[in-house]
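Everything on this sheet refers to the single structure shown next.
The values are calculated or read from the model by the stated rules, or taken from the named source; none is laboratory data. No experiment lies behind these values; they were computed from the predicted model shown. Cβ atoms come from the backbone with ideal geometry, glycine included; neighbour counts cover every protein chain shown.
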């Protein structure tokens, strides 16, 4: 853990610098394309004067991205988070250096030419790539590389949005696939370093400050739940739209390199009709949180942004999902909540944003704390919590997978994100070990032993291994059927004993040891069974652990999860077990 913390600190610093460079590049490209001037400050695109020529801007950017993906790296396609998940789970947390260079450039080109995306997905992938590259300079395990990859991703998000807590929670809910101090603390350290360095590089937070709300009552929380439910349905529809258009593009009989340009045509047309759909749209997020956008403007923003974003993302271009989700979710929350009693439009917009993150990304804690850190409106926290949980509840009932894991599932890579404590860490060997122990004297001739196995001796034939004991019934070795086969191939059985054919001083386990540790011994030594001995007397046998016992533990867990039963029957005992 200390080693990983030491490596995570410079990764956090590098991610902050990369975030600064990415935002600078987005601003420079945006101002050059839409205002024909060099300026490192990002301006709203509603003030551009390109007229109908604005249609060509996203198309030009998409052509560049298609060429970069075709001849550079195909991994720059998409919004970054599924690619990070793929690298973690399937690529042993190894990311190529060229991805760290091409991903932010392609995303800056996409967003700078009007693509309706945010910078968070690319910075997550880019920060993760730098974390992976630094990890590859040292002799580390795949699990340790994963921690540093995720540290870079969390630090990147922390630097862009001034959200170290949300960045760390995103890592926990979406990327780490575990909750251990070994991984959590280094990731938190990287996110905190990035947040500290953000102040001199990009300024202090919150980036979307609002007037704090008063303490909320039960009515407001009820409205927040209703908004969360409504946005949850919208979230499910958004996910379906994205993959509908992705399937549509897959049917086009031309190389995928040209798909982003085709999708960009619709982005350009949408930007010509409503400039609000172009670019990252941070000014509209802030406007929604302040309650400045109301009425029909909200409906138009929801429809236009959702449609353009889904088409563009489905085309396989490069860009993040978070900023568009905040705009769409915020507009939906404000649209539903503007008629709600109590609260105000800005509060309901924030609830809608949290619900959209909680539902679409299946990360409710991230959604809640993300909005809290963006606004510093602490009294809104209960409403944000209600909205994000309600949004999650709707989407898990509507859809089997999230917008992030669905992309991987379409490549044949199915990811389960429902975490639980490892069953084998909860159970002890003594709970599943066999107490009918197959034992035989170590002096037994091997011929006699093999004959008893062939005759299906019930004391020996039920197990693949047999424990060998001396005259005092103390453990001295173990023999398996594989040992018998090898002995047959190598030497005569006339004088050979089972101890000579078997293994002396076998690897053992203890009744009070966790199944996790026992299985680790099996895997380390390539064994299928272990003698269970007394911890205070390692030659005293108390049980036998084989694969059947391990499967029995899994069967017990399955029954607890799937078999429903009445707590008390008429006779006072459990009854009426039925399959779930």
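Of all the numbered requirements in (1) at pLDDT 90 or above; (2) surrounded by fewer than 21 Cβ atoms within 10 Å (Cβ to Cβ), residue 195 misses one, and that requirement is (2). Restricting attention to segment 207-236, which residues are surrounded by fewer than 18 Cβ atoms within 10 Å (Cβ to Cβ) and part of a loop (DSSP other than H, G, I, E, B)? 209, 211, 212, 214, 215, 217, listed by residue number. Taking the conditions (1) without any contact (Cβ under 8 Å) to a residue 60 or more places away in the chain; (2) in a helix (DSSP H, G or I) in turn, residue 253 satisfies each one other than (2). The single condition among (1) in contact (Cβ under 8 Å) with a residue 60 or more places away in the chain; (2) on the phi < 0 side of the Ramachandran plot; (3) crowded, with 21+ Cβ neighbours inside 10 Å that residue 281 does not meet is (2). Restricting the search to helices (runs of 4 or more DSSP H) fully inside segment 25-143 and requiring at least 3 residues that are surrounded by 24 or more Cβ atoms within 10 Å (Cβ to Cβ) and modelled with pLDDT of 85 or more gives 56-71, 97-112.
For every residue, the table says whether it meets (1) in contact (Cβ under 8 Å) with a residue 40 or more places away in the chain; (2) more than 28 Å from residue 103 (Cβ to Cβ); (3) surrounded by 24 or more Cβ atoms within 10 Å (Cβ to Cβ).
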| residue | (1), (2), (3) |
| --- | --- |
| 299 | no, yes, no |
| 318 | yes, no, yes |
| 322 | yes, no, yes |
| 331 | yes, yes, yes |
| 360 | yes, no, yes |
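Could you please let me know if residue 436 is closer than 21 Å to residue 528 by Cα and modelled with pLDDT of 85 or more? No, not satisfied.
Taking the condition of being surrounded by fewer than 23 Cβ atoms within 10 Å (Cβ to Cβ) and outside any helix (DSSP H, G or I), how many residues in segment 256-278 meet it? Summing the residues that are surrounded by fewer than 23 Cβ atoms within 10 Å (Cβ to Cβ) and outside any helix (DSSP H, G or I) in segment 256-278 gives 1. For segment 333-346, the candidate set comprises residues that are surrounded by fewer than 24 Cβ atoms within 10 Å (Cβ to Cβ) and farther than 18 Å from residue 208 by Cβ; within that set, the residue that is nearest to the chain's Cα centre (by Cα) is 336.
Just one of the listed residues (248, 216) is more than 26 Å from residue 358 (Cβ to Cβ) and assigned by TED's automatic domain parsing to the domain that holds residue 382, namely 248. Residues in segment 146-173 that are surrounded by fewer than 24 Cβ atoms within 10 Å (Cβ to Cβ) and at pLDDT below 90: 2 in all.
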